[in-house]
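Accompanying notes for the structure given below.
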Amino acid sequence: MAAAVETSPSLEILVREPEGYSIWNGPPFNNNNQPGIMLEKAPCTSAKFSEDGSRLMVTKSDSSTSVYDSRTLKEIRCFQIPNVAASALSPRGTYLQTFQKSTTPQEKNVVLWNIETGDPVYEQFQKNMTKATWPSIQFSSYEAVACRLATNEIQFFDAVDFSKGISHRLRIPGVAAVELSKAPGSHVAAFVPESKGSPASVQIYACGKELQSQPLARRSFFRCSTVQLNWNHGSTGLLVVVQSDVDKTNQSYYGESKLTYLTTDGTHEGLVPLRKEGPIHDVQWSYSGKEFAVVYGFMPASATVFDKKCKPLLELGSGPYNTIRWNPKGKFLCVAGFGNLPGDMAFWDLVDKKQLGTTRAECSVTSEWSYDGRYFMTATTAPRLQVDNCIKIFHHNGSLFFKKMFDKLFQADWKPESPDKFGEIAELIKSVDSMKVEETKPRGQGSTSKKTASANPPAQKPAAYRPPHAKNAATVQAELFGGSSAGEMSKNALRNKKKREKQKEKKATEAAAAADAT
């Protein structure tokens, strides 16, 4: 086991600021507890690793997109693509997919490029881009299967040789969203919205042409506006979050949501048995694909871990939570409340079924475990938040390990690595603990994390109501085009704010005058 720890790859962190991106050495850091800089700041407008971490895609302000080898940080290929609106790497970094704003239907504005040769291998026209339709071509994790959503059908390709064109088609009238299972790419899930009184449905098909005569599983829904499709590792189970813009019970302004579970072998097709009413805040599969965790219900929300037969394994309590992050090694789990919640985090040991610690990371925008399972990183980033931008890294038990403030921070991501490349979590933790130098605490002071956890959160003013469709549209625009979903205060809102301030001043003046008169 010691050999496994020694040969484990080192962690790396991608950090993007207004001046550009840099790459840090991940923890454990040097004696000053500061990260080493592997790559100094380089100008860019966006940067992203491929799913397996082998490639790094960097978009620059001059409409050029460069792809680098993540190990050597040497440029493999630079593509000059004018008016590019979005770009994406295939999971293993073989292909680059780009979307350009098109002026005519004759112009093929979605192009798939072979990164090694620099040649386009597939081109097509796509009228617009949404979260449901980008990336246009989906790949399985090992790039063995590729498919795309088209009008009333799903088109499949030979992922090794796109020059063969479409290998076969799966006709599904009205299909609006598709999710290909990733590991392995053996199945595809399709969503068909409500139409002319017919209910919406989610259907699972095998990817093989000879196996597509009938869906392997199917579930219908009334009052369904959108769905989120979540495959597990192993491609045996699909979790479907069904969202409706209207709540018939009038308990929520933001509609209602349900969680449905379907299996490819047909053993389960129905709702996940949740013990509390309210929305589905977050759901995530474990890395093994044998369990999943859900945060659900009206605040304070509940969190539960289920096995793949939909039986509850562990209750994680309730609190101001809306986020689940499952440790890649499977032993630990973090349940947290970010966004408009105070940032409380609870860390759990799922093997020993006990809570390890609690802390808080206020105003966090992104959060993720390191791929070795030892650290948990949160980041407060622009444009969502323009102040107090920072990176925080916590130990697996919630104790604060590292914090760095920024004038403005756009992005902080771990470089992807396969969790299987790292040793067992217990051995990794022991190896890190043996490297620690004991810190001397000032007398009478406890740990920072305990103080943070025990502090009472300040009362927050409720946010103004926004219709679900407006909220979702702003979020999607921010994700796809890099804009801010927060937006500036409207003129009416500004005018109303000034009116309220004047009324307050008037009341205060009248009260003071009345007090003087008495």
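Just checking, how many residues over the range 100-131 are farther than 19 Å from V84 by Cα and either in contact with a strand residue (DSSP E or B) (Cβ under 8 Å, 6 or more places away or on another chain) or charged (D, E, K, R) (or both)? Break it down into steps so the answer makes sense when it comes.
We begin by selecting, within the range 100-131, every residue farther than 19 Å from V84 by Cα; these are 116-117.
Among the residues that remain, those that are also either in contact with a strand residue (DSSP E or B) (Cβ under 8 Å, 6 or more places away or on another chain) or charged (D, E, K, R) (or both) are: 116.
Qualifying residue count for the region: 1.
Any chance you could count how many residues in the range 399-415 are closer than 23 Å to A346 by Cβ and either aliphatic (A, V, I, L, M) or open to solvent by 10 Å² or more (accessible area, probe 1.4 Å) (or both)?
Going through the range 399-415 one residue at a time, the tally reaches 6.
Cβ-Cβ below 6 Å, separation at least six or inter-chain, first residue in the range 213-230 and in a loop (DSSP other than H, G, I, E, B), second surrounded by fewer than 21 Cβ atoms within 10 Å (Cβ to Cβ) and of a type in the set (D, E, K, R): which pairs?
Matching pairs, first to second residue: S225/D245.
Examine the range 184-194 for a residue that is over 23 Å from F292 (Cβ atoms), in a strand (DSSP E or B) and over 20 Å from the mean Cα position of the chain (by Cα), and state whether such a residue exists.
Pass one, the range 184-194, residues over 23 Å from F292 (Cβ atoms): 192-194.
Checking which are in a strand (DSSP E or B) leaves us with 192.
Filter once more, keeping what is over 20 Å from the mean Cα position of the chain (by Cα): 192.
Looking for residues that are over 23 Å from F292 (Cβ atoms), in a strand (DSSP E or B) and over 20 Å from the mean Cα position of the chain (by Cα), one finds at least one in the range 184-194, hence yes.
Yes/no per residue for (1) of a type in the set (A, V, I, L, M, F, W, C); (2) at pLDDT below 95; (3) surrounded by 17 or more Cβ atoms within 10 Å (Cβ to Cβ):
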| residue | (1), (2), (3) |
| --- | --- |
| T264 | no, yes, yes |
| T267 | no, yes, no |
| R275 | no, yes, no |
| D282 | no, yes, yes |
| M299 | yes, yes, no |
| D307 | no, yes, no |
| G317 | no, yes, no |
| N327 | no, yes, yes |
| G337 | no, yes, yes |
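Taking the condition of being in a loop (DSSP other than H, G, I, E, B) and out of contact with any Cys (no Cβ under 9 Å at 6 or more places or on another chain), how many residues in the range 56-95 meet it? If you could, list the steps in order and put the result at the bottom.
Let us first name the residues in the range 56-95 that are in a loop (DSSP other than H, G, I, E, B), namely 60-63, 70-74, 81-83, 90-94.
Those still in the list that are out of contact with any Cys (no Cβ under 9 Å at 6 or more places or on another chain) too: 62-63, 70-74, 81-83, 90-94.
Number of matching residues: 15.
For the range 268-363, list the strands (runs of 3 or more DSSP E) that sit wholly inside it and hold at least 2 residues that are under 22 Å from P419 (Cα atoms); which are they?
Values: elements: 269-271, 280-285, 291-296, 301-307, 312-319, 323-326, 332-336, 344-349, 354-360.
Filter on the range 268-363 gives 280-285, 291-296, 301-307, 323-326, 332-336, 344-349.
Could you figure out which of (1) in a strand (DSSP E or B); (2) open to solvent by less than 30 Å² (accessible area, probe 1.4 Å) isn't true of E179?
(2)
I need the full set of residues from the range 382-398 which are open to solvent by 10 Å² or more (accessible area, probe 1.4 Å) and either closer than 21 Å to P9 by Cα or within 16 Å of the chain's Cα centre (by Cα) (or both), in order please.
Result: R384, H395, H396.
Specify which of the listed residues (K108, K48, K41, K101) is touching a Phe, Trp or Tyr at 6+ places or on another chain (Cβ under 6 Å), open to solvent by 60 Å² or more (accessible area, probe 1.4 Å) and touching a residue at least 12 places away in the same chain (Cβ under 8 Å). Walk me through how you get there before you give the answer.
On the way: K48 fails: touching a Phe, Trp or Tyr at 6+ places or on another chain (Cβ under 6 Å); K41 fails: touching a Phe, Trp or Tyr at 6+ places or on another chain (Cβ under 6 Å); K101 fails: touching a Phe, Trp or Tyr at 6+ places or on another chain (Cβ under 6 Å).
Result: K108 is the single residue among K108, K48, K41, K101 that is touching a Phe, Trp or Tyr at 6+ places or on another chain (Cβ under 6 Å), open to solvent by 60 Å² or more (accessible area, probe 1.4 Å) and touching a residue at least 12 places away in the same chain (Cβ under 8 Å).
Residue under question is S220, and the condition is that it be small (G, A, S) and out of contact with any strand residue (DSSP E or B) (no Cβ under 9 Å at 6 or more places or on another chain); does it hold?
Numbers: small (G, A, S): yes; out of contact with any strand residue (DSSP E or B) (no Cβ under 9 Å at 6 or more places or on another chain): no.
So S220 fails the test.
Go through the range 158-180 and count every residue that is in contact with a Phe, Trp or Tyr (Cβ under 9 Å, 6 or more places away or on another chain) and either more than 19 Å from T94 (Cβ to Cβ) or at pLDDT below 90 (or both). Reasoning before the result, please.
Within the range 158-180, the subset in contact with a Phe, Trp or Tyr (Cβ under 9 Å, 6 or more places away or on another chain) is 159, 162-170, 172, 175-180.
If we keep only those that are either more than 19 Å from T94 (Cβ to Cβ) or at pLDDT below 90 (or both) too, we end up with 159, 162-170, 172, 175-179.
Total meeting the criteria: 16.
Taking the stated definitions as given, is W113 part of a loop (DSSP other than H, G, I, E, B) and either among the hydrophobic types (A, V, I, L, M, F, W, C) or within 20 Å of the chain's Cα centre (by Cα) (or both)?
On the way: part of a loop (DSSP other than H, G, I, E, B): no; either among the hydrophobic types (A, V, I, L, M, F, W, C) or within 20 Å of the chain's Cα centre (by Cα) (or both): yes.
When the stated conditions are applied, W113 does not pass them.
Those residues that are over 15 Å from A176 (Cβ atoms) and either surrounded by 17 or more Cβ atoms within 10 Å (Cβ to Cβ) or in contact with a helix residue (DSSP H, G or I) (Cβ under 7 Å, 6 or more places away or on another chain) (or both), I need them from the range 118-146; list them, please.
V121, Y122, P135, I137, F139, S140, S141, E143, V145, A146
Of these, N31, N25, which one is at negative phi and open to solvent by 70 Å² or more (accessible area, probe 1.4 Å)? Explain how you work it out, then say what you get.
Values: N25 fails: open to solvent by 70 Å² or more (accessible area, probe 1.4 Å).
Step by step, each of N31, N25 is checked, and only N31 is at negative phi and open to solvent by 70 Å² or more (accessible area, probe 1.4 Å).
In the range 339-374, which residues are open to solvent by less than 10 Å² (accessible area, probe 1.4 Å), touching a residue at least 60 places away in the same chain (Cβ under 8 Å) and within 17 Å of the chain's Cα centre (by Cα)?
Passing the criteria: only S370.
Can you tell me which residues in the range 64-98 are modelled with pLDDT under 90 and of a type in the set (A, V, I, L, M, F, W, C)?
I81, V84, A85, A86
Taking interchain pairs and intrachain pairs at least six residues apart, which have beta carbon atoms under 7 angstrom, with the first residue in the range 70-93 and at negative phi and hydrophobic (A, V, I, L, M, F, W, C) and the second assigned to a loop (DSSP other than H, G, I, E, B) and open to solvent by less than 60 Å² (accessible area, probe 1.4 Å)?
These pairs meet every condition: I76/I115; I81/S63; V84/S63; A85/M129; A86/M129; A86/W134; A88/P135; L89/S50.
The values are calculated or read from the model by the stated rules, or taken from the named source; none is laboratory data. Being a predicted model, the structure only gives us computed values, none of them experimental. Glycine also receives a Cβ, built like all others from the backbone with ideal geometry; neighbour counts cover every protein chain displayed. Areas reflect the complete protein model, heavy atoms only, side chains present, ligands, DNA and RNA absent. Shrake-Rupley method; radii C 1.70, N 1.55, O 1.52, S 1.80 Å.
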